[in-house]
Amino acid sequence: MAGSRTLAIIKPDAFGAGKAGKIIAHLEQGGFRIVAARVARLTEAQAGEFYADHRERPFYHSVTSFMTTGPCMPMVLEKSGAVAALRQAI
């Protein structure tokens with residue numbers, strides 16, 4: 001189904017505060033299916049690659065630095081209209 005998957009990341013502050021379970025439960029209650037998930041600690045290079053589209057924006061360096069401060073949890077979510085539905089859920 002086209003447009004039915006999207007990427008979400010539980011950021012280091014939420015993951016470190018033990019909120020991953022509540023976030024996942026919220027997404028599942030909203031009808032999302034978790035297709036893949038893992039705990040990762042991004043390197044500067046990985047964070048820079050992920051946010052490459054924002055390289056010229058003033059927040060680029062702060063967001064890439066923040067994303068390397070601790071473990072995070074990238075997830076592939078599935079739901080009809082996943083991108084719009086995720087924006088609504090968050």
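Using the Karplus equation 6.51 cos²θ - 1.76 cosθ + 1.60 (θ = phi - 60°), what ³J(HN,Hα) coupling, rounded to whole Hz, does each residue of segment 66-72 give in order, writing x for Gly and Pro?
Couplings: 4, 5, 9, 6, x, x, 9 Hz.
Using label points projected 7 Å from each Cα along Cα→Cβ, tell me how many nm separate VAL39 and VAL63, to one decimal.
Taking the simple label geometry, VAL39 and VAL63 are separated by 2.6 nm.
With a probe of 1.4 Å, find how much accessible area the chain has per residue, and write the answer as a whole number in Å².
The answer is 65 Å² per residue.
In Å and from the alpha-carbon atoms only, list the Rg and Dmax of the chain.
13.6, 37
Considering only protein heavy atoms and a 1.4 Å probe, what is the carbon-and-sulfur percentage of the accessible area of the chain?
55
If you look at just the Cα atoms of segment 49-90, how large are its Rg and its Dmax in Å?
Calculated on Cα positions, Rg and Dmax stand at 13.2, 33 Å.
Rounded to the nearest 10 Å², what accessible area does GLU49 show when all protein chains are kept and the probe is 1.4 Å?
Only protein atoms counted, so the area is about 140 Å².
So what is the relative contact order of the chain, in percent, for Cα pairs below 8 Å that sit 6 or more residues apart?
Normalised by residue count, the contact order of the chain is 54 percent.
Between GLU28 and GLN88, what is 0.36 nm times their sequence separation minus the Cα-Cα distance? Round to one decimal in nm.
20.2 nm
The values are calculated or read from the model by the stated rules, or taken from the named source; none is laboratory data. If you're wondering where the values come from, they're calculated on a predicted model, not measured in any experiment. With ideal geometry, Cβ positions are generated from the backbone for all residues, glycine too; neighbour counts draw on all protein chains shown. Side chains included, ligands, DNA and RNA excluded: accessible areas come from the protein's heavy atoms. Shrake-Rupley method; radii C 1.70, N 1.55, O 1.52, S 1.80 Å.
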